[in-house]
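Student: A single structure is presented below for examination.
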Amino acid sequence: MKINELVFEDREEISRLLLLGLTFEDIGKAISKDKSTISREVSRKGMDRTTYRALKAEKHARKEKNKQGRKRKLDSNPKLKKVVLKRLRKKWSPMQIASTLKTDYASDMNMQISHESIYSYVYVLPRGSLKKELLSCLRQERKYRQKRSKKGNPEEKRGKIADMLSIEERPADVADRIIPGHWEGDLIMGKYKRTALGTLVERTTRSVILVHLTGKDATSVRRAYAREMKTLPKQMQLSLTYDQGKEMSEHKQFTMDTNIKVYFAHPGSPWERGTNENTNGLIRQYFPKGTDFSKVSKREIKKVQQSLNTRPRKTLNWQTPQETFNKLVAVNS
């Protein structure tokens, strides 16, 4: 037993001496404990000199001791821990993990855990390589973009893309996400903005295509996007919504190559491609800012694409984009 640890007999003595009006220092001397120990004990769970009771304090002390001595669920269940850590390393969020465990192990409560417990497990780990690794797997909060300067017109600064189809001309059913096959696209810039990665996201299924680029000029982007889109089932090749980046200035040729119409969002309006913007945040978990995409192989990019498409999504009722995509293709075939 620790020097200043109290037992029930000590608590009874404290209660008796408090009734006699002794100070914390005098009580401490009487039972051979520090004054600070007596002070903490008397104030346990909101009690004070007049409301302190030995039995109540003993119950609280036992409860706290049991709680401290209890192992965390992940530490006491190696099988569950293995599954959770494996999914964390795949960049799944704790909520994704907790929700899919309920489905994967519906009849086994020992293989289920709350997302709060997963977060708690990661954050209370001692400093070291494991904590550092797991923290890096958790999605970081993204900073909001700074407001653009009101001086001048952003559309004029970027230059006008010829013969653009505005997002206002896009069919209404695209916004409703009822019919699949409508995509949003963007570039994620690499180190010093010298290299880039193409990103395409299907609005209904949240399926992701990551496009390996040899250059970020309009011709390279157009050819690479067309090559990827042509591999899709015909019913999934309906439209593409893009920002007014110069890399899409060959949109008319892209439409001729693929029969996919391109609609352009308004300048400085990322919410008009919200699915793509959110997905880019997920992609940054794998390719953080400063990545030199010229040093990232197509095989690595497609491995990340597969990882993203096999992550369960809350918006899909915890189905994966791949599962949702395949079901819709099968239904419409």
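Student: Is it the case that some residue within the range 210-217 is in a helix (DSSP H, G or I), surrounded by fewer than 21 Cβ atoms within 10 Å (Cβ to Cβ) and among the small types (Gly, Ala, Ser)?
Tutor: No, the conditions are met nowhere in the range 210-217.
Here's the yes/no breakdown for (1) assigned to a helix (DSSP H, G or I); (2) surrounded by 12 or more Cβ atoms within 10 Å (Cβ to Cβ); (3) among the polar types (S, T, N, Q):
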residue	(1), (2), (3)
Gly28	yes, yes, no
Arg40	yes, yes, no
Asp48	no, no, no
Tyr52	no, yes, no
Ala57	yes, yes, no
His60	yes, yes, no
Lys81	yes, yes, no
Ile97	yes, yes, no
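Student: Quick one: which residue in Glu272, Glu277, Glu323 is over 16 Å from Ser93 (Cβ atoms), of a type in the set (Asp, Glu) and free of Cβ contacts under 8 Å to residues at least 60 places away in the same chain?
Tutor: Unique residue meeting the criteria: Glu323.
Student: Looking at Lys79, Lys65, can you tell me which residue is within 30 Å of Glu133 (Cβ to Cβ) and basic (Lys, Arg)?
Tutor: Only one candidate passes the filter, namely Lys79.
Student: Can you confirm whether Asp173 is charged (D, E, K, R), surrounded by 11 or more Cβ atoms within 10 Å (Cβ to Cβ) and at pLDDT below 90?
Tutor: Criteria met by Asp173.
Student: Among the listed residues Ser249, Ser220, Ser239, Ser207, identify the single one that is without any contact (Cβ under 8 Å) to a residue 60 or more places away in the chain and either more than 18 Å from Lys298 (Cα to Cα) or not charged (D, E, K, R) (or both).
Tutor: Ser220
Student: Step by step: first the residues of the range 297-330, then only those that are over 19 Å from Arg177 (Cα atoms) and among the polar types (S, T, N, Q), then the one that is surrounded by the fewest Cβ atoms within 10 Å (Cβ to Cβ). Which residue is that?
Tutor: Once the filter is applied, the top-ranked residue is Ser297.
Student: Oh, and also: Hey, any hits in the range 141-159 for a residue that's more than 30 Å from Val7 (Cα to Cα) and modelled with pLDDT of 70 or more?
Tutor: No, because not a single residue in the range 141-159 is more than 30 Å from Val7 (Cα to Cα) and modelled with pLDDT of 70 or more.
The values are calculated or read from the model by the stated rules, or taken from the named source; none is laboratory data. Just so we're clear, the structure is a prediction, and the values are computed from it rather than from any experiment. Reconstructed Cβ throughout: ideal geometry from the backbone, glycine too, with neighbour counts over all protein chains shown.
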